[in-house]
Amino acid sequence: MTELDDRLLALRTHARGWAGDLRAVALRLEREPDLIMGSLGLPAMDHVGLFQSPPRFRPAPLVVGSHRFTGDSLLEQVVLVEELACGDLGALMAAPGAPMAGPLVALLGDEQQQENFFGRLASRPTWTFFALTEPRGGSAATSLETRLRRDGDGYLLDGVKKYIGNACRAGVGVVFARSDPGPLGIRAVLVDAEDAGYTATALPTLGLSAAGLSELTLRSVRLPSERLLGRQLSAVRRGMLGWTRTFDRLRPVVAAMGIGVARAAHDYVRAHRRVLRGDERTRWEELGLRIDAARRLVRHAAVTVDANPAQGHVASAAKVRSTRLAEDVTLAALGFFGPGARLDHPLLDKFARDARGVEFMEGSGDVQKLAVHHKLTRGRTS
């Protein structure tokens with residue numbers, strides 16, 4: 001399913017109005033990310049978190065005309081996120097909520113952990129973090145250096161995480177650490193920003209400034225055993241399988257972000273270069289065809305993963321395609337305005353810098369290609 005029915009078309013139209021609000025604050029938030037506090041009243045900020053919590057923790061569904069949306073469908077999520085990313089990806093990523101930590105807590109958390117985590121999100125605007133990436137080993141599970149060790153009735157957590165979105169403004173999040181050797185020795189724990197030994201420092205970035213990418217320092221952070229996710233599950237289900245399935249559901253959404261940024265740049269050319277002739281017109285139209293093709297792949301991935309979570313390689317393929325597309329289209333769009341384009345068109349310059357950041361969200365292109373290769377070599381294609 002790549003064509004939208006009337007219900008999803010209504011959601012897309014509604015989301016485009018919200019996207020305009022994000023576009024209006026895009027450059028301001030890039031210069032001063034802390035101004036996000038003054039943008040919390042925007043409808044997009046209020047509703048994007050709706051799709052990140054289990055149904056029982058949502059105050060109400062999103063109602064558009066006669067249609068109700070709960071966000072349970074990945075296709076709903078990619079339709080919404082593409083539009084909001086087209087408005088401004090940085091502002092979208094700066095919104096409070098649990099875009100990455102939420103699905104993992106829903107998958108691995110016991111009843112009390114979910115009550116505490118999602119109840120907190122429902123009671124007030126709350127930012128969260130998902131801390132896997134490390135300075136030396138990136139997101140490779142085999143290279144995790146953060147350690148979780150037993151200490152009496154609880155645990156001590158030590159390590160450093162880097163490039164963690166929203167951590168500098170977050171109240172709570174998930175940290176991955178190694179408790180034992182091997183793939184089953186990786187655990188996920190809930191960490192509160194008020195915990196002694198926890199420090200988050202904002203990092204300077206060339207793109208996605210509003211997203212608050214941060215470095216986390218964890219120095220003997222003492223955690224009660226109740227903070228350990230997946231305690232009630234088998235070692236296989238609570239370890240790598242848990243966060244792998246989480247990533248598989250996140251990838252179509254991240255891929256939709258790439259589509260949104262590419263579309264923003266493509267539309268910018270149409271709006272500011274109203275007359276395109278000859279080769280220029282041909283190049284612009286070819287970029288549009290690539291956007292349409294990648295969008296179809298992303299929607300196909302969303303439907304496929306919803307139907308069968310084990311088919312995550314389709315989402316990996318969509319993420320690779322949309323990431324490359326976002327960079328190609330934004331750089332090509334700058335070319336339509338000559339050598340001084342980055343100075344004369346700061347919004348288009350921002351799109352190009354933000355597009356590069358999509359490459360590194362929840363796994364670079366090389367990681368995604370390995371995931372596809374793994375499925376191909378084992379004969380699991382569809």
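Using the Cα coordinates of the range 171-217, the gyration tensor eigenvalues translate into equivalent-ellipsoid semi-axes of 25, 15, 9 Å, sorted from longest to shortest.
Listed values for the range 288-296 are Karplus-derived 3J(HN,Hα) couplings in whole Hz (6.51 cos²θ - 1.76 cosθ + 1.60, θ = phi - 60°), namely x, 5, 5, 4, 4, 5, 5, 4, 4, and x replaces Gly and Pro. For the range 72-78, the Karplus equation 6.51 cos²θ - 1.76 cosθ + 1.60, evaluated at θ = phi - 60°, returns couplings of 5, 8, 5, 5, 4, 5, 5 Hz by residue, with Gly and Pro reported as x. With all protein chains kept in place, the per residue accessible area of the range 111-176 amounts to 44 square angstrom at a probe of 1.4 angstrom. Protection proxy ranking of 271-284, 192-205, 114-127, by the mean of other Cβ atoms within 10 Å over each peptide's residues and highest first, is 114-127, 192-205, 271-284. Remark: accessible surface ordering of S66, S220 (largest first) is S66, S220, probe radius 1.4 Å. For F129, nonlocal amide neighbours, meaning residues 5 or more places apart or on other chains whose placed amide H falls under 5 Å from its own, are V172, G173, V174. Distance from the alpha carbon centroid of the range 198-229 to that of the range 291-312 works out to 31 angstrom. Note on the range 35-79: Cα-Cα pairs beyond 12 Å make up 64% of the total pair count. Across the range 102-119, rounded Karplus estimates of 3J(HN,Hα) from the backbone phi angles (6.51 cos²θ - 1.76 cosθ + 1.60, θ = phi - 60°) give x, x, 6, 5, 5, 7, 9, x, 7, 4, 5, 4, 5, 4, 5, 6, 6, x Hz, Gly and Pro being marked x. Taking max minus min of the alpha-carbon positions on each principal axis, the chain gives extents of 73, 48, 46 Å, largest first. A P(r) calculated from all alpha carbon pairs of the range 73-196, with 5 Å bins opening at zero, reads 2, 10, 17, 20, 21, 15, 8, 4, 1, 0 percent. Of L331, L29, the order by accessible heavy-atom surface (1.4 Å probe, DNA, RNA and ligands excluded), from most exposed downward, is L331, L29. For the range 193-296, taking the reciprocal of the average inverse distance between every pair of different Cα atoms yields a Kirkwood hydrodynamic radius of 18.6 Å.
Here the range 116-165 exposes an accessible surface that is 46 percent carbon and sulfur, computed with a 1.4 Å probe and the other protein chains kept in place. Once neighbouring chains are kept in place and the probe is 1.4 Å, which whole percent of the accessible area of the range 1-81 is contributed by carbon and sulfur? Result for the range 1-81: 54 percent of the exposed heavy-atom area is carbon or sulfur. Under a 5 Å amide H to amide H cut-off, with H placed in plane at 1.01 Å, what residues pair with K162 once short-range neighbours are removed? Hits under the 5 Å cutoff: T133, E134, L216.
The values are calculated or read from the model by the stated rules, or taken from the named source; none is laboratory data. Not measured: the values here are computed from a predicted model. All Cβ positions, even for glycine, are placed from backbone atoms using ideal geometry, and neighbour counts span all protein chains on display. All accessible areas refer to the heavy atoms of the entire protein, side chains included, with ligands and DNA or RNA removed. Shrake-Rupley method; radii C 1.70, N 1.55, O 1.52, S 1.80 Å.
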